[in-house]
Structures are given as C-alpha cells and as structure tokens.
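This report concerns only the one structure given below.
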C-alpha cells in the first residue's frame, strides 16, 4: 500500500528520503498560495530560488522578480509575497522569479524527488485528486518558519492526510498529529490560527486580506509542478490524473 508522511520542517528533511516520492511543498502564508494563484491567473512560469542574489540575476534575464524576507517585500524587486500581486493582468504569460524566507528554500531541498508539486488550501482538492492517481508514496514538506514548525502548514498537511487516509497508509506520528490538528481546526481555521506566530507577524504588517485569502479552500483546480527549475501548469500531467483546470 502506498504511504503518506509529513515532514514538519525542512530542518528534518534529512530524515525523510524524497527519492521516488511525490513531494508536496506547502508554505500557506504565503509563498505556495502565491504560486498557486499565479499559475491560476495565467503566469507562464515561476522560478523558485533560494537567495536574493539568484532572484536579482534572473531580473537581468527579463523575469519579473518577487522577493520577500521576514514577511516584507525586499528592496529592489518588482513585487513581494502577496497573492493579489499575481492577479494583475500584466502578469499573464510572464515568467516570475521568486525567493521567500521559507517556501522557496523548501522547494530547493526537494528537487531529487520523483515529482514536486505546490500545495495550498486554494488547490487542496486538486492536490488530493492528483495524489490519489499517483502510484508513488507521498511526502508533504512544510516550509515552516526559519527552520521551526508552524501551525498553518501543519494544518494543510493534515488536510491532505485526511483526503488520502483511505488510500494511503499513514506512516508516522507527524502525519497523525497533522490530521488531528486539522480535524480540530477545520470548522474555523482563521480563529484557530489567530494567535499562531506567523499570523501575528503578518497582522503587524496589516495584511489581514492576504491571510483570509490564503485560508480559502478549493478555489482553483490547478497544480504548479516543478519541471526543471520552473513551476508550470502541466496540463497534460493533470489530465492524465483526472484533474481538469477550471
């Protein structure tokens, strides 16, 4: 039977071999929510990089650059880490280079997996359907916050575990803990997360609108998939797995 597991922070990733698995990377607030939104709104490619220097170099190659550190837009880049920036008509068909405090670093650590897909509450149902149709074990990798566990990514991991528990064997306790937390929180996730550390950080930046949006469930039937160094909407792969773009 296929197995599902959860890595609660990239600092623990050395304990979870990714080779041969489908890895779902999640950074709810806000990197992977931005990536899902960008692909849904017609961004052609998103190139995740770990450092500001890599992102700046891609600007010289004609990419729109998105850069965030500690929740704020980094100086000298085109946009920050708000999903609403990706909804602009000017973004359609463009390539975006992006670096964030946590999410893009997590992606960079998972590139040896069989497949890397981007998860968020915004595309949760599409992710679950895609994974059900894969013959491989699944690992959900939570980006966390600077190496530490965070609650919002853990809740998403639990949502995925709940969607797959009839088809996959739950391998370890991190997956069980994620599932238990999601079941406790799913009736009012915003209330459950109100005092969590990253929500407090973002509230101090006055971006409640972003938080509410990133906790919205099943808005898009799109899955950003890492092909080479870029995240794209691979419609052929999605069609093969019973996921149809809205």
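Packing here is the average count of other Cβ atoms within 10 Å per residue, and on that basis the peptides 221-233, 149-161, highest first, run 149-161, 221-233. By the helix-only formula, in which each DSSP H run with n ≥ 4 contributes -39500 (n - 2.57) and the sum is divided by residues, the chain has a 222 nm mean residue ellipticity of -9500 deg cm²/dmol.
Taking N as the number of residues in region 60-191, what is its Cα Rg relative to 2.2 N^0.38 Å?
Output field value: 1.17.
Antiparallel beta bridges, as assigned by DSSP with both residues in region 3-231, represent about 20 percent of the total such bridges.
Each of residue 15 and residue 69 was given a label point 7 Å from its Cα along the Cα-to-Cβ line. The distance between the two points is 3.0 nm. For region 82-152, the gyration tensor built on C-alpha atoms gives an oblate shape. Its axis ratio a/c (a ≥ b ≥ c) is at least 1.5, and a/b is not larger than b/c. Relative to one another, the C-alpha centroids of region 150-213 and region 82-113 are positioned 21 Å apart.
Derived from the Cα gyration tensor, the three semi-axes of the equivalent ellipsoid of the chain are 25, 21, 17 Å, largest first.
Evaluating kT/(6 pi eta Rh) at 37 °C and 0.692 mPa s, with the Kirkwood radius of region 1-111 over Cα pairs in the Stokes-Einstein relation, gives 225 µm² s⁻¹. Mean sequence separation of contacting Cα pairs (under 8 Å, at least six apart), scaled by the length of region 3-231, corresponds to a relative contact order of 34 percent.
Since every read-out is calculated from the coordinates, none of them should be taken as a lab result. Source: prediction; values computed, not measured. Counting neighbours? That spans all protein chains shown, and the Cβs are built from the backbone with ideal geometry, glycine included.
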